[in-house]
Amino acid sequence: MLKPVSWEVSDFLRYRRRCPRLRRLVLPAWNRIKKSGICKAIRMWKDLESLTMPSIENPPYLMEEISKNCNNFRELKIMGPCHVFFANTLVAFLPRLKILSLRCSVLLKEALLSILEGLKHLEVLNISHCLLIDSQRMNAQPLPPMKRVMKELDESILKAASRLREFLTCMNDSCTMCERTINDEGLMRWYKYEEGLWKTDEATSLAL
């Protein structure tokens with residue numbers, strides 16, 4: 001397992017060559033790594049099974065590489081917002097995904113339903129401490145962002161999630177992590193909190 005927090009590009013290139021049998025990669029930020037670099041690495045890491053990554057604006061290029069090259073890929077953690085485009089990309093390129101964590105981020109209801117209905121092999125989904133946004137309500141009237149946040153899961157979500165082995169949720173006003181996600185407006189500023197807090201995950205296989 002590789003879990004770099006402050007890699008330079010040279011570090012990434014070195015480990016890419018030294019770890020051809022890598023199975024788990026934890027890369028919560030990769031702003032210094034070029035698109036071509038991460039794609040080339042994925043092509044080398046045929047045994048990759050698990051990835052922790054930031055949310056990115058153009059996910060298809062990465063998900064397609066994983067789909068083509070990593071036959072055993074099974075679990076993913078996204079550290080950042082999950083919008084409809086991202087969700088649809090997961091459904092299109094990683095249909096056999098089994099474990100997914102979206103904790104502590106902004107999550108559109110439409111994106112959540114796309115994941116629940118489209119990822120037929122999904123067994124575990126973690127949306128704990130997410131800001132779940134009702135996109136239909138958002139389109140119906142111009143409400144401030146915090147007024148669009150769902151306080152509880154509705155019937156459509158619960159029905160779609162009923163097939164999962166584990167559906168991990170927390171939308172509790174008294175929860176410290178829920179409060180922090182709200183205060184950070186769904187874009188967690190992990191540097192403000194306890195060291196290593198970002199490594200936590202209710203989906204145990206994704207925790208560090």
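Counting neighbouring Cβ atoms within 10 Å and putting the fewest first, the residues Lys35, Lys98 line up as Lys35, Lys98. Of all aspartates and glutamates in the structure, those lying under 19 Å Cα to Cα from Lys159, and not within fewer than 8 positions of it along the same chain, are Glu110, Glu117, Glu123, Asp134. Bridges between two residues of the chain, per DSSP, are antiparallel at a rate of about 10%. The phi torsions of the range 98-107, fed into the Karplus equation with coefficients 6.51, -1.76 and 1.60 and a -60° offset, translate into couplings of 10, 10, 9, 10, 10, 4, 6, 8, 7, 9 Hz, rounded to whole numbers, with Gly and Pro shown as x.
Order these by the 10 Å Cβ neighbour count, fewest first: Met188, Met171.
Met171, Met188
When the chain is treated as a Gaussian network with alpha carbon springs shorter than 10 Å, the biggest mean-square fluctuation among Ile127, Ile115, Ile56 belongs to Ile56. Converting phi to 3J(HN,Hα) with the Karplus coefficients 6.51, -1.76 and 1.60 and the offset θ = phi - 60°, the range 167-182 yields 10, 8, 9, 7, 9, 9, 4, 8, 7, 4, 5, 4, 5, 5, 5, 5 Hz in sequence order, with x at every glycine or proline. Among the cysteines of the chain, those whose beta-carbon sits 4.7 Å or more from every other cysteine beta-carbon are Cys19, Cys39, Cys70, Cys82, Cys104, Cys130, Cys170.
Show me the GluC sites (Glu not before Pro) within the range 20-67 that DSSP assigns to loop and that have at most 12 other Cβ atoms within 10 Å of their Cβ. The qualifying sites are Glu57. Per residue, the chain reaches -9500 deg cm²/dmol at 222 nm when only DSSP H runs of four or more residues are counted, each adding -39500 (n - 2.57). The lysines within cross-link reach of Lys68, meaning a Cα-to-Cα straight distance under 22 Å and a gap of 8 or more places when in the same chain, are Lys34, Lys35, Lys40, Lys46, Lys77, Lys98, Lys120. If one takes the longest principal axis of the Cα atoms in the chain, at what angle in degrees, from 0 to 90 and to the nearest 10, does the Cα axis of helix 109-118 lie? Relative to the chain, helix 109-118 is tipped by roughly 60 degrees. Take the Cα of Arg17, step 7 Å toward its Cβ, do the same at Leu197, and the gap between the two points is 4.0 nm.
Values in this text are rule-based calculations from the coordinates and carry no lab data. This one's a predicted model, so the numbers in the text were calculated from it and none came from an experiment. Using ideal geometry, Cβ is built from the backbone for each residue, glycine included, and neighbour counts are taken over all protein chains shown.
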